[in-house]
Amino acid sequence: MAPSSLDVVLKGSSGRNTRGLLRVIILCTIAAAAVSSRLFSVIRFESIIHEFDPWFNFRATKYLVENGFYSFWDWFDDRTWHPLGRVTGGTLYPGLMVTSGVIYHILRLLTIPVDIRNICVLLAPGFSGLTALAMYLLTSEMSDSPSAGLLAAAFMGITPGYISRSVAGSYDNEAIAIFLLVFTFYLWIKAVKNGSIMWGALTALFYGYMVSAWGGYVFITNLIPLHVFVLLCMGRYSTRVYISYTTWYALGTLGSMQIPFVGFLPIRNSDHMSALGVFGLIQLVAFAEFIRGYLPGKQFQKLLTSMVLLTFGLGFGGLVLLSVSGVIAPWSGRFYSLWDTGYAKIHIPIIASVSEHQPTAWPAFFFDLNFLIWLFPAGVFMCFQKLKDEHVFVVIYSVLASYFAGVMVRLMLTLTPIVCVAAALALSCILDNFLVASTPSTETKAKATTEDKSLRSARNPVVGIYSWFSKSVVVASVTLYLLMFVAHCTWVTSNAYSSPSVVLASKLPDGSQFIIDDYREAYYWLRQNTPDNAKIMSWWDYGYQIGGMADRPTLVDNNTWNNTHIATVGKAMSSREEVSYPILRQHDVDYVLVVFGGLLGYSGDDLNKFLWMVRIAEGIWPDEVKERDFFTARGEYRVDEEATPAMKNSLMYKMSYHNYQSLFPAGQAMDRVRGTRLPKESPQLNTLEEAFTSENWIVRLYKVKDLDNLGRDHSNAVAFDKGLKRKRATKRKGPRVLRTE
Amino acid sequence: MRWCLALLICCLAVVNALSSSGSRLLAILEDTEQKDLYSTLWADLEARGYDVSIESSKSEQLALFKHGERAYDHLLILPPKSKGLGPSLTPKHILDFMNKDGNILLALSGKTATSSAISSLLLELDIHLSTDRSQVVVDHFNYDTLSAAEKHDVLVLQRPGPLRSDVKAFFDGEGVLALPRVAPQTLGDSALLSPILRAPATAYSYNPKEGMPAAEDILATGSQLNIVSAMQARNSARFTVLGSVESLEDKWFSASVKTPSGKKTSTVNREFAKQLTAWAFKETGVLKVDKVEHRLATEGAELNPSIYRIKNETIYSIEVSEYVYDKWVPFDVPGDDALQLEFTMLSPFHRLTLQPTHRTDTSTVFSTQFVTPDQHGIFSFRVNYKRPFLTSIEEKHEVTNRHFAHDEYPRSWAITGGWVWIAGLWSVIGGFLAFVIVWLYSAPVTDTLKKTQ
């Protein structure tokens, strides 16, 4: 009786329910797997905010929770960008902070007191579970096969390309933005399919949420119009497309303009012009369709041609005029660097200096996506076979995202969802064909031949697999690949993407773990030993961390809105003390922080970033700071005895190596990052004094001396304190300078 | 108990009344037998409330610091004959004493060569002595014919007036000074230095042991030679150099002198010594900021807020008193000078003269009113008043100048230029409503016609 009882469960209406229940259970399991695989860092280290930008988001969230929404909206932050300050409320994407704030308040309402830090740390894993669900919905729209959606959800849940930005503690905009991206696309596909105002409005709503959460919303702003444009070009205009696009554009643009940081960009910035253009185009096409019903063919043709020419001429002329007159802002530098990878290095060093803006290396694709990357083209090919409106979307998305992912490392993130969709389509097709236990009947064969499709590739009849051998081989190999994928994802997540980078871990020779906690040591020193408004100067990388962990005002931070201010810091770091000191005084700097990896062999230190400081400073003061001066005559970047005078006299060099030689026997000082032997004498600092050096010398803090009490310059004062006698300027050259009152 | 405490505080106030920065005065003499020469000076100082302790520079237990703190408030150094001032008074100790707010009056003498330790100390302060350190100022027009008819090295000078028209005079008055055997100093270009008494234009200096000066080896001539000069460090610690120690001696306090052109008069050295020591030990020329207030110009605004908005009307006021011998009095800015306020972010956005608005018994309140600039950022109210002979005022108060909040802009109907858009908006809404009404009530007519047909 066992088979019959199974039949009851698996067939008929109760069978549908069973499958539905199974699907829910599988999705929940996938979401759980997605969340738990992101918890490596919490288990291995602690519940801590990672890296740089998350520290700002965390600080902003705390401000929001403490001061309420309106003061967050009008927040003028006087603890960053000293003395300029930052209109933070108007220059950030508030979606992330507001989301955590809402969660915090809901939990409080339910009388679950959770620390805001834990909400922030766990927000990204939580949303990755939602992303997996959204992925299921999106892929289910693309395919009739029920397995495609589940596979896509599973892929999205654990693929390293997405995990890299969403491990626990990686509290960044991308944490919620990828969910919103996928879900917005799902709603868009739904809207195009149904031609419904409701779905269009929902798309606009989630688009608005996306705009509030991440600058990458421009990707949606351009992809949806492109989808519509391609559909129009393919002659697939329909009222469904018209309704969904106009609804989305009108409501979505209004929604996006509510974010202060975006403001009027949607109607002024070139990045947004394609959406506006397509909006105009679709009105014209709709009008033409309307006219067609009332006019005979020949007259309509004439009207259409003249209208097209006129509109194109007017539109293009208008665009050029507005761009030249400056009403429409020119393309932003980040955008140019998408087309020409060398552009940023020449024109905007500040963008090029960020490692995640570098072009992607080829192995990274396999590293982040594993076997999905070779299933991806197959999935795209299968979209060509069906080529309904939503499949056109997948094709466009894949082409665009592939290009962008090749140009910039961080855009791998936007490629990942579509790779998961395409790979799931391909894999589900394979499994659907090879997992069918029964042999295909001739009936289906006849049905397949009668079907006629436009594309030749689709015309071949699909019959089925007869041989048990080929079935088992293919299924076994696919299973093997899937298992390897899981193993790879887990390995990559645990090894590459789960380091907080605030705390460094290394292995001792005996295999035990050695935690390097210098950053926090130094930040807490600052927090506990300096006045509340002591200004800290450091290179901009550490600005957010100082603001977050040390709670002290900084000169520049990772929100690189003012290139001149960053160049000022670069100039202070790369100039002689006599030049730097007035800059430090003018900006009220109390402490200077440098990161030095020479003792430990930590390669991400300031001396290795130093050339970027020089370059950025040179961009503003080409006469005073010259990159060439930091290279030897043979073009080498050296820090040893042969270093150039500009290098040896620069503040950065002096601060890095101050007193470093005293750690070693005379003449034996080694820099383990650059692998060179250092000069015998450590550099002499006059205007700064060492305040703190962390355990492994990674972070070094210097206090800026006040002006000498007796009006001497600092080198003379230091020489006097050392007991050197001042040489009297007995033989003056030229006429005697008389003192006048 | 309370009145006891009050009495104690009163007593302390009386004891400390004379100098604004303490009364412990250490006088250094090479050998203490010399002290009888200056008995009037000691008596005058003690009469003004100083606890004068006289020590020999050779003394073993002499120490400027005790437990890392100053053991004395003021230091009076009379010139030693030997090479230095001993191990407890090295230039480093003396500069440390200044860095810890101690005041120093150093007397030199042209009679003997100045020690090299003192010369190098003065060099740190940018005060220069001649290379041989044993020159004397002579003037063939302003000398005392009674005591130095031959050598012309006892100068007879008027007391100095104000240094510039915008500087207060602390050393002026009637009568002449006799300054025997002055060791001259020249000053470097530091803004911290200022001459108290300069030699007349006809003076020059030479080494009496070597005869007439060689033309190329002249320290300086005329008014570039300083007889008394002053240095005020950034922390307002004072260092005064007096070129002629003999002028402090009892015999010159009441001597009669006669210039080549004038008649016989008695000197006012005692008066001048009082003025000089009073200034050097911070009895005069000391400024104090009692209170700094800034607030919005509206009634009942919060005092000293940490945040302002751009384009706020703001009032700033500062209360300054000056110490004159034994009490605080309201400070008056000298005629050609002005006390100024800067509102600064990187560079000053405003530099305004503070006007005296009202006076209390001990202080003057200066204030001004201005509109904060249309630039958000972290600004500071700065008063930076550094003048010769006055202790410096350096007040810096950081405030944030924020942008308009979202609800502080004028509403759309308050902007006349916006009325066009508002009219457009409402006409579209009205038009749409009208259209809907027309549409709703005009449709069914054709239907009924068709049905009847």
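Could you list all residues from segment B:174-195 that are open to solvent by 40 Å² or more (accessible area, probe 1.4 Å) and either more than 15 Å from A:Leu738 (Cβ to Cβ) or more than 9 Å from chain A (Cβ to nearest Cβ) (or both)?
B:Glu174, B:Arg181, B:Ala191
State whether the residues of segment A:87-94 include one that is more than 18 Å from A:Met210 (Cα to Cα) and within 14 Å of chain B (Cβ to nearest Cβ).
yes
Do you know which of the residues in segment B:322-373 that are within 28 Å of B:Val399 (Cα to Cα) and basic (Lys, Arg) is nearest to the other protein chains (Cβ to nearest Cβ)?
Looking at residues that are within 28 Å of B:Val399 (Cα to Cα) and basic (Lys, Arg), I get B:Arg351.
What number goes with the only condition from (1) within 14 Å of chain B (Cβ to nearest Cβ); (2) of a type outside the set (S, T, N, Q); (3) open to solvent by 20 Å² or more (accessible area, probe 1.4 Å) that A:Gly675 does not pass?
For A:Gly675, the failing item is (1).
For residues that are among the hydrophobic types (A, V, I, L, M, F, W, C) and surrounded by fewer than 16 Cβ atoms within 10 Å (Cβ to Cβ), tally how many sit in segment B:261-298.
Residues meeting the conditions: 1.
For segment B:148-165, which positions are away from every other protein chain (no Cβ under 14 Å), assigned to a loop (DSSP other than H, G, I, E, B) and open to solvent by 20 Å² or more (accessible area, probe 1.4 Å)?
Within segment B:148-165, the subset away from every other protein chain (no Cβ under 14 Å) is B:148-159.
Applying the additional criterion that residues be assigned to a loop (DSSP other than H, G, I, E, B) yields B:148-153, B:159.
Across segment B:148-165, the qualifying residues are B:Ala149, B:Glu150, B:Lys151, B:His152, B:Arg159.
Within segment B:374-404, take every residue that is over 30 Å from B:Arg238 (Cα atoms) and surrounded by fewer than 17 Cβ atoms within 10 Å (Cβ to Cβ) and give me the one that is farthest from the other protein chains (Cβ to nearest Cβ).
Applying the filter and picking the extreme gives B:Asp374.
Within segment A:146-201, work out how many residues are on the phi > 0 side of the Ramachandran plot and either assigned to a helix (DSSP H, G or I) or acidic (Asp, Glu) (or both).
0
Please specify each residue of segment A:34-58 satisfying the condition of being open to solvent by 40 Å² or more (accessible area, probe 1.4 Å) and assigned to a helix (DSSP H, G or I).
Within segment A:34-58, A:Val35, A:Ser36, A:Phe40, A:Val42, A:Ile43, A:Arg44, A:Asp53 meet the criteria.
Just one of (1) under 33 Å from the mean Cα position of the chain (by Cα); (2) of a type in the set (Val, Ile, Thr); (3) not in a strand (DSSP E or B) trips up B:Thr145, so point out which.
Against the list (1) under 33 Å from the mean Cα position of the chain (by Cα); (2) of a type in the set (Val, Ile, Thr); (3) not in a strand (DSSP E or B), B:Thr145 comes up short only on (1).
Only one of B:Arg198, B:Arg238 is at the interface with chain A (Cβ under 10 Å from one of its Cβ atoms), surrounded by 19 or more Cβ atoms within 10 Å (Cβ to Cβ), among the charged types (D, E, K, R) and touching a helix residue (DSSP H, G or I) at 6+ places or on another chain (Cβ under 8 Å); which?
B:Arg198
Residue check, A:Phe229 against (1) surrounded by 19 or more Cβ atoms within 10 Å (Cβ to Cβ); (2) modelled with pLDDT of 90 or more, all met but one. Which one?
(1)
Please state which one of A:Phe219, A:Phe185, A:Phe179 is closer than 30 Å to A:Ile49 by Cα and either free of Cβ contacts under 8 Å to residues at least 40 places away in the same chain or open to solvent by less than 10 Å² (accessible area, probe 1.4 Å) (or both). Explain how you work it out, then say what you get.
Working: A:Phe219 fails: either free of Cβ contacts under 8 Å to residues at least 40 places away in the same chain or open to solvent by less than 10 Å² (accessible area, probe 1.4 Å) (or both); A:Phe179 fails: either free of Cβ contacts under 8 Å to residues at least 40 places away in the same chain or open to solvent by less than 10 Å² (accessible area, probe 1.4 Å) (or both).
The match here is A:Phe185.
Can you tell me how many residues within segment A:476-499 are open to solvent by less than 30 Å² (accessible area, probe 1.4 Å) and part of a helix (DSSP H, G or I)?
So the answer is 6.
Within segment B:299-337, track down each residue that is among the aliphatic types (A, V, I, L, M) and loosely packed, with under 15 Cβ neighbours inside 10 Å.
Matches in segment B:299-337: B:Ala301, B:Leu303, B:Ile307.
Against the conditions (1) part of a loop (DSSP other than H, G, I, E, B); (2) surrounded by fewer than 19 Cβ atoms within 10 Å (Cβ to Cβ), where does A:Pro83 fall short? Just the number, please.
Evaluating A:Pro83 over (1) part of a loop (DSSP other than H, G, I, E, B); (2) surrounded by fewer than 19 Cβ atoms within 10 Å (Cβ to Cβ) leaves (2) as the failure.
Going through B:Ser115, B:Ser119 one at a time, which residue ends up being without any contact (Cβ under 8 Å) to a residue 24 or more places away in the chain, closer than 16 Å to B:Ile77 by Cβ and open to solvent by less than 30 Å² (accessible area, probe 1.4 Å)?
Values: B:Ser115 fails: without any contact (Cβ under 8 Å) to a residue 24 or more places away in the chain.
Checking each option against the conditions leaves just B:Ser119.
So which strands (runs of 3 or more DSSP E) are wholly in segment A:500-591 and hold at least 1 residues that are in contact (Cβ under 8 Å) with a residue 60 or more places away in the chain and under 28 Å from A:Lys648 (Cα atoms)?
In segment A:500-591, the matching strands (runs of 3 or more DSSP E) lie at A:535-537.
Across segment B:417-433, which residue is nearest to A:Asp588 (Cα to Cα) among those that are β-branched (Val, Ile, Thr) and open to solvent by 90 Å² or more (accessible area, probe 1.4 Å)?
Filtering segment B:417-433 for residues β-branched (Val, Ile, Thr) gives B:420, B:422, B:428-429.
From what's left, open to solvent by 90 Å² or more (accessible area, probe 1.4 Å): B:420, B:428.
Working: B:Val420: 48, B:Val428: 55 Å.
So, considering only residues that are β-branched (Val, Ile, Thr) and open to solvent by 90 Å² or more (accessible area, probe 1.4 Å), the one nearest to A:Asp588 (Cα to Cα) is B:Val420.
The values are calculated or read from the model by the stated rules, or taken from the named source; none is laboratory data. All values reported here derive from a predicted model rather than from experimental measurement. Neighbour counts run over all protein chains shown; Cβ positions are idealised from the backbone, glycine included. Just the protein is used for accessible areas: all its heavy atoms, side chains included, with ligands, DNA and RNA removed. Shrake-Rupley method; radii C 1.70, N 1.55, O 1.52, S 1.80 Å.
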